[in-house]
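First up is the structure itself, then whatever we jot down about it.
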Amino acid sequence: MAVMARETWTDERMDDLVKQIDKGFDATKVEIRDLRAHVDMGFAAAKQEVSDLCAHTDMGFAAAKQEVSDLRAHTDKGFARVDADIRELRAEMRQMRAEMKEGFDRMDARFDSLQRTMIISLAGIAGSIAASVIGALIVTQL
């Protein structure tokens with residue numbers, strides 16, 4: 001069955017066509033409005049998710065910053081204790097040096113005293129030997 005093309009358009013048919021086209025455009029406008037609303041809701045949801053993510057990230061950075069601050073304070077306290085221990089050790093070392101110097105000074109004095117005693121003893125022995133030799137020479141000459 002072949003469809004014959006109409007060659008004449010009546011005002012009524014033109015009005016029907018315009019109404020049909022208007023209905024199509026109205027439906028398209030509604031669909032575009034619905035799509036726009038849906039896209040707007042999607043962007044609003046995405047914007048909210050990004051905002052939530054930013055807030056969560058900010059909280060994470062704030063927590064990390066606090067942890068670093070706490071760690072820094074703890075480290076500072078530790079170094080303060082180490083510094084105090086080092087100062088205490090230095091004081092003890094100064095005291096030990098003073099005690100050792102005092103002990104070595106006493107030993108030096110004793111060695112000096114021993115050396116004097118040895119020199120006096122050697123002089124006495126040398127004098128005794130000289131006196132004995134002179135006495136022996138005199139006795140043998142008589």
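The values are calculated or read from the model by the stated rules, or taken from the named source; none is laboratory data. For clarity, every value in this text was computed on a predicted model and none was experimentally measured. Heads up, the Cβs are rebuilt from the backbone with ideal geometry, glycines too, and the neighbour counts pull from every protein chain shown.
Identify all residues within the range 84-142 that are among the hydroxyl-bearing types (Ser, Thr, Tyr) and surrounded by fewer than 10 Cβ atoms within 10 Å (Cβ to Cβ); write none if there are none.
140
So is residue 2 modelled with pLDDT of 90 or more and hydrophobic (A, V, I, L, M, F, W, C) or not?
It is false that residue 2 is modelled with pLDDT of 90 or more and hydrophobic (A, V, I, L, M, F, W, C).
Inspect all residues belonging to the range 38-47 and state whether any of them is in a loop (DSSP other than H, G, I, E, B) and either modelled with pLDDT of 90 or more or exposed (fewer than 10 other Cβ atoms within 10 Å of the Cβ) (or both).
No, that holds for no residue.
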